[in-house]
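Accompanying notes for the structure given below.
The values are calculated or read from the model by the stated rules, or taken from the named source; none is laboratory data. What you see is a predicted model, and the numbers here were worked out from it, not measured in a lab. Every residue, glycine as well, gets a Cβ built from its backbone with ideal geometry; the counts of neighbours run over all protein chains shown.
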Amino acid sequence: MEPIVSMRGITKSFGPVRALEGVDLDLRRGEVLALLGDNGAGKSTLIKILSGLHVADSGTMEIAGNPVDWKGYDVAAARRLGVETVYQERSLGEKQPLWRNVFVGRHLKTKLGLIDAKREKEETRKLLADVLGLKGAGLHPEARVATLSGGERQGLAIARAMYFDATIIVLDEPTTALGVGEAGKVLSFVERLRDEGRSCLFVSHELHHVHRIADRMALMEQGRIASIFERSEIGLKELAERLLLGHEGRR
């Protein structure tokens with residue numbers, strides 16, 4: 001199957017620190033690929049390169065068959081190619097109403113070029129009901145993000161990416177600090193992404209969530225992809241042991 005994202009020889013340094021050492025990675029169409037590794041393994045740097053926040057020092061990347069020109073690649077360029085990222089923190093403004101969070105930076109406009117608040121609120125209402133299945137009395141476009149649970153916030157951020165037709169969604173620790181029920185909601189949203197044929201890069205330390213949701217698992221060590229497993233090839237216990245061995249190898 002032709003990958004929707006193909007990275008070859010990706011390197012990145014921050015001063016004397018070499019964060020990535022020639023990463024080769026493919027993300028297939030319609031799959032959930034988990035990116036695993038200890039802190040400092042290079043996961044965050046890699047997803048920020050895909051998302052357009054960082055520019056690689058060297059290497060090549062193709063998205064949906066389009067070669068990326070590093071000189072012009074930024075967050076806006078990534079979004080035009082269908083890449084959306086939901087970070088663990090700061091994805092949503094807690095004091096802002098839901099509808100403003102959904103359309104921040106990408107407002108719907110009237111014919112006069114003004115923000116079409118009425119339409120944005122209606123589209124947000126549809127997202128809440130149809131995509132997230134949230135129909136409680138307190139869940140309406142004017143509600144503040146602070147009123148949502150952790151799982152609902154992650155769901156809203158994912159739904160926002162879906163609304164803007166993202167085909168590649170990067171999730172950075174989406175279930176961290178969530179209870180069992182709330183994490184289950186987020187994993188259900190991820191399953192929906194896959195069912196719709198979207199691709200997901202799932203970064204997490206929660207191995208039981210990873211093993212439930214991921215089609216493949218890529219282990220990063222010292223700025224490289226150390227190994228990649230199909231879910232059927234590795235059990236949860238073996239996966240944990242493999243990560244532990246990699247961590248101990250750096251001591």
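Applying the criterion of at least 2 residues that are at pLDDT below 90 and either of a type outside the set (D, E, K, R) or in contact with a helix residue (DSSP H, G or I) (Cβ under 9 Å, 6 or more places away or on another chain) (or both) to the helices (runs of 4 or more DSSP H) found wholly in region 125-222 leaves 150-163, 180-195.
Number of residues in region 185-204 that are in contact with a Ser or Thr (Cβ under 9 Å, 6 or more places away or on another chain) and farther than 12 Å from ALA34 by Cα: the value is 6. Among the residues making up region 31-46, a single one is of a type in the set (A, V, I, L, M, F, W, C), within 16 Å of ARG18 (Cβ to Cβ) and not in a loop (DSSP other than H, G, I, E, B): LEU46. Residues in region 7-36 that are closer than 24 Å to LEU243 by Cα, within 16 Å of the chain's Cα centre (by Cα) and not basic (Lys, Arg): LEU25, ASP26, LEU27, GLU31, VAL32, LEU33, ALA34, LEU35, LEU36. Applying the criterion of being basic (Lys, Arg) and more than 20 Å from ALA78 (Cβ to Cβ) to the residues of region 169-198, the residue that is farthest from the chain's Cα centre (by Cα) is LYS185. For region 101-119, a residue qualifies if it is in contact (Cβ under 8 Å) with a residue 12 or more places away in the chain and touching a Gly at 6+ places or on another chain (Cβ under 8 Å), and exactly one does: ASN101. Scanning region 44-61 for residues that are surrounded by 15 or more Cβ atoms within 10 Å (Cβ to Cβ), hydroxyl-bearing (Ser, Thr, Tyr) and modelled with pLDDT of 95 or more gives THR45, SER51.
Listed here are the residues, each with its yes/no results for (1) surrounded by 18 or more Cβ atoms within 10 Å (Cβ to Cβ); (2) among the charged types (D, E, K, R); (3) touching a residue at least 40 places away in the same chain (Cβ under 8 Å); (4) touching a Phe, Trp or Tyr at 6+ places or on another chain (Cβ under 6 Å).
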| residue | (1), (2), (3), (4) |
| --- | --- |
| THR147 | no, no, no, no |
| LEU178 | yes, no, no, no |
| GLY184 | no, no, no, no |
| LEU193 | yes, no, yes, no |
| GLY197 | no, no, yes, no |
| SER232 | no, no, no, no |
| LEU243 | yes, no, yes, no |
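Taking region 77-108, which residues are basic (Lys, Arg) and either at pLDDT below 85 or closer than 27 Å to ALA64 by Cβ (or both)? Those that are basic (Lys, Arg) and either at pLDDT below 85 or closer than 27 Å to ALA64 by Cβ (or both): ARG79, ARG80, ARG90, LYS95, ARG106. Among the residues making up region 99-110, those that are within 20 Å of the chain's Cα centre (by Cα) and surrounded by 14 or more Cβ atoms within 10 Å (Cβ to Cβ) are ASN101, VAL102, PHE103. Do we find that GLU84 is surrounded by fewer than 20 Cβ atoms within 10 Å (Cβ to Cβ) and under 21 Å from ASP165 (Cα atoms) in this structure? Against the criterion (surrounded by fewer than 20 Cβ atoms within 10 Å (Cβ to Cβ) and under 21 Å from ASP165 (Cα atoms)), GLU84 does not qualify. Only one entry of ALA64, ALA34, ALA41 meets the criterion of being surrounded by fewer than 22 Cβ atoms within 10 Å (Cβ to Cβ) and in contact (Cβ under 8 Å) with a residue 12 or more places away in the chain, and that entry is ALA64. On the stretch given as region 51-103, residues that are outside any loop (DSSP other than H, G, I, E, B) and among the small types (Gly, Ala, Ser) total 7.
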